[in-house]
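What follows is one structure encoded as structure tokens, with my remarks underneath.
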Amino acid sequence: MLSNSSKYALKAVLYLALNSDESRKILAKNISEPINVPRAYIAKLLQELSRHNLVSSTRGPKGGFFLNVENRAATLIKIVDVIDGDHRLRSCMLSLKECNEDHPCPLHGLVGNAKSNFIKNLEKTTINDLAIDLEQQKSFLPV
């Protein structure tokens with residue numbers, strides 16, 4: 001359901017959540033290898049997230065990307081919507097414009113509830129929620 005770009009962006013943001021703050025900024029090139037995403041690609045994604053205030057950044061010799069308290073409070077759906085647009089997760093699996101609850105496509109019933117629940121979870125889960133799970137080793141991220 002998530003594009004590779006959204007997956008990469010989420011991995012980068014979680015890496016930042018665990019390894020950065022306002023006094024410890026990280027360059028895109030130093031995020032690339034641990035999360036296994038090409039440097040130029042992750043830089044582009046992080047710049048886009050920064051433009052939408054989901055990631056913080058500063059320029060200069062001590063510059064780089066980091067997460068502040070406000071960034072950590074952002075929900076996951078905001079990241080996905082910035083990277084993929086708000087239509088990707090909410091659109092029909094067969095790309096039928098007319099598909100909806102009252103006029104479903106053949107796959108609608110197969111993914112409808114699962115997709116709705118997934119979106120609801122993305123809307124209520126914050127970056128900080130996942131960072132806490134990682135810190136408490138309730139989940140893992142190979143970095």
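The values are calculated or read from the model by the stated rules, or taken from the named source; none is laboratory data. Predicted, not measured: the structure shown is a model, and the values here were computed from it. Cβ: placed from backbone, ideal geometry, glycine included. Neighbour counts: every protein chain shown.
Structure summary
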read-out: Failed item, numbered, when residue 30 is tested on (1) closer than 27 Å to residue 142 by Cα; (2) outside any helix (DSSP H, G or I); (3) over 15 Å from the mean Cα position of the chain (by Cα); value: (2)
read-out: Selection count where residues are more than 14 Å from the chain's Cα centre (by Cα), of a type outside the set (A, V, I, L, M) and modelled with pLDDT of 95 or more, scope region 59-78; value: 5
read-out: Looking only at region 120-139, and only at residues there that are hydrophobic (A, V, I, L, M, F, W, C) and surrounded by 15 or more Cβ atoms within 10 Å (Cβ to Cβ), the one that is farthest from residue 80 (Cα to Cα); value: 134
read-out: Members of region 34-43 found to be surrounded by fewer than 14 Cβ atoms within 10 Å (Cβ to Cβ) and more than 25 Å from residue 132 (Cβ to Cβ), listed by number; value: 38, 40
read-out: Pair list, Cβ < 8 Å and 6+ apart or interchain, from region 69-96 residues that are part of a helix (DSSP H, G or I) to residues that are basic (Lys, Arg); value: 80/88; 89/115
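Quick grid of which residues meet (1) assigned to a loop (DSSP other than H, G, I, E, B); (2) in contact with a Cys (Cβ under 8 Å, 6 or more places away or on another chain); (3) closer than 19 Å to residue 7 by Cβ; (4) among the acidic types (Asp, Glu):
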| residue | (1), (2), (3), (4) |
| --- | --- |
| 106 | yes, no, no, no |
| 111 | no, no, yes, no |
| 116 | no, no, no, no |
| 119 | no, no, yes, no |
| 122 | no, no, yes, no |
| 131 | no, no, yes, no |
| 134 | no, no, yes, no |
| 138 | yes, no, no, no |
| 142 | yes, no, yes, no |
